[in-house]
Amino acid sequence: MARIDESRPFIAVNIAVLTVSDTRTAANDTSGDTLAARVTAAGHRVAARAIETDDAAEIETTLRRWIADPAIDVVITTGGTGITGRDVTPEAFDRVLEKRIEGFGELFRMLSYQKIGTSTMQSRALGGVAHGTYLFALPGSTGAVKDAWDDILLWQLDNRHRPCNLVELMPRLQEHRTAAA
C-alpha cells in the first residue's frame with residue numbers, strides 16, 4: 001500500500017503552470033489559480049506561470065522554453081485536452097515529448113470516471129518526459145485540476161511517497177543522453 005515515509009526528506013520541485021485557453025485571463029484563470037495554490041501548499045515552487053491561446057505552435061514554444069530551463073522540473077498545463085477543434089494541447093505535447101507516461105492518463109480517467117462517469121472518455125489528459133522535465137496535460141476544469149493534483153501528482157511529486165515516486169527518478173531521466181556522449 002502506498003504511504004509517505006517520514007524518514008525520507010521532502011524535496012521541493014520547481015513547477016511551471018500553463019493555462020491553455022482562448023478565454024482565460026489572469027483575472028479569471030480559476031483552474032490555473034487552483035493548481036498554483038495546490039503546488040505551493042504542498043511545499044513546491046511555482047517557477048513560472050503563463051496563459052497561452054489554443055494554438056499548438058504557441059503551446060509548443062512555451063513548453064520548449066520551459067523544458068530548456070534548468071530551473072523547471074515539471075510543467076503542468078490545464079486546458080485544451082478535449083476533443084473539439086480548438087483542443088490542441090496533446091498535439092503540442094506530441095511535438096516535444098520523448099517518452100509518454102501512459103499510466104498518468106489512464107489513472108486520471110479511472111479516477112475521473114468515479115466522479116463524472118462516461119464523460120471522462122472525452123479527456124485526453126496525458127503525461128510524459130522531455131529533456132529531463134516531466135510534463136502533464138490536465139483538462140481545464142477546476143474539478144479536473146483538483147482530481148489530478150490531489151489524487152495523483154501530489155503523491156508522485158513527493159520524494160517520500162513509497163513504494164516509488166517520480167522525484168527519485170529525476171536524476172536518471174537523461175541517462176540516455178549521458179550514455180550516448
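The values are calculated or read from the model by the stated rules, or taken from the named source; none is laboratory data. Keep in mind the model is a prediction, meaning the values are calculated, not measured. All Cβ positions, even for glycine, are placed from backbone atoms using ideal geometry, and neighbour counts span all protein chains on display.
Going by the conditions given, is Met121 farther than 21 Å from Ala42 by Cβ, without any contact (Cβ under 8 Å) to a residue 60 or more places away in the chain, surrounded by fewer than 20 Cβ atoms within 10 Å (Cβ to Cβ) and out of contact with any Ser or Thr (no Cβ under 9 Å at 6 or more places or on another chain)?
Yes: the conditions hold for Met121.
Can you name every residue in the range 39-49 that is within 14 Å of the chain's Cα centre (by Cα), surrounded by 18 or more Cβ atoms within 10 Å (Cβ to Cβ) and within 21 Å of Ser141 (Cα to Cα)?
Val39
Would you point out the residue of the range 131-169, among those that are assigned to a strand (DSSP E or B) and of a type outside the set (A, V, I, L, M, F, W, C), that is surrounded by the fewest Cβ atoms within 10 Å (Cβ to Cβ)?
The qualifying residue surrounded by the fewest Cβ atoms within 10 Å (Cβ to Cβ) is Arg162.
So Gly105 passes all but one of these: (1) part of a loop (DSSP other than H, G, I, E, B); (2) crowded, with 18+ Cβ neighbours inside 10 Å; (3) without any contact (Cβ under 8 Å) to a residue 24 or more places away in the chain. Which condition number does it fail?
It fails just one condition, (1).
Kindly indicate which of Val167, Val145 is under 21 Å from Pro9 (Cα atoms), among the β-branched types (Val, Ile, Thr) and either at pLDDT below 95 or within 18 Å of the chain's Cα centre (by Cα) (or both).
None of the others qualify; the one that does is Val167.
Considering only residues that are touching a Gly at 6+ places or on another chain (Cβ under 7 Å) and crowded, with 19+ Cβ neighbours inside 10 Å, which ones fall in the range 11-23?
Scanning the range 11-23 gives Val17, Thr19, Val20, Ser21.
Suppose we filter the range 18-41 for residues that are without any contact (Cβ under 8 Å) to a residue 40 or more places away in the chain and of a type in the set (D, E, K, R); how many remain?
Number satisfying all stated conditions: 2.
What number goes with the only condition from (1) under 11 Å from the mean Cα position of the chain (by Cα); (2) of a type in the set (Phe, Trp, Tyr); (3) over 23 Å from Asn14 (Cβ atoms) that Tyr113 does not pass?
(1)
Please enumerate the residues belonging to the range 58-94 that are of a type in the set (Asp, Glu) and touching a strand residue (DSSP E or B) at 6+ places or on another chain (Cβ under 6 Å).
Glu58, Asp73, listed by residue number.
Looking at this structure, is Gly80 in contact with a Ser or Thr (Cβ under 6 Å, 6 or more places away or on another chain) and more than 20 Å from Ala37 (Cα to Cα)?
When the stated conditions are applied, Gly80 passes them.
Given the conditions (1) buried (at least 21 other Cβ atoms within 10 Å of the Cβ); (2) assigned to a loop (DSSP other than H, G, I, E, B), which single one is not true for Ser31?
Of (1) buried (at least 21 other Cβ atoms within 10 Å of the Cβ); (2) assigned to a loop (DSSP other than H, G, I, E, B), only one is false for Ser31: (2).
Suppose we filter the range 73-101 for residues that are farther than 23 Å from Arg24 by Cα, surrounded by fewer than 23 Cβ atoms within 10 Å (Cβ to Cβ) and touching a residue at least 12 places away in the same chain (Cβ under 8 Å); how many remain?
7
Does any residue in the range 46-57 that is under 16 Å from Asp22 (Cα atoms) and assigned to a strand (DSSP E or B) come within less than 6 Å, Cβ to Cβ, of a residue that is modelled with pLDDT under 95 and of a type outside the set (Asp, Glu) six or more places away or on a different chain, and which pairs are these?
Within 6 Å, the pairs are Ile51/Arg24.
Considering only the range 2-10, I want to know if a residue exists there that is surrounded by 15 or more Cβ atoms within 10 Å (Cβ to Cβ) and either aliphatic (A, V, I, L, M) or in contact with a Pro (Cβ under 7 Å, 6 or more places away or on another chain) (or both).
Taking every residue of the range 2-10 in turn, none turns out to be surrounded by 15 or more Cβ atoms within 10 Å (Cβ to Cβ) and either aliphatic (A, V, I, L, M) or in contact with a Pro (Cβ under 7 Å, 6 or more places away or on another chain) (or both).
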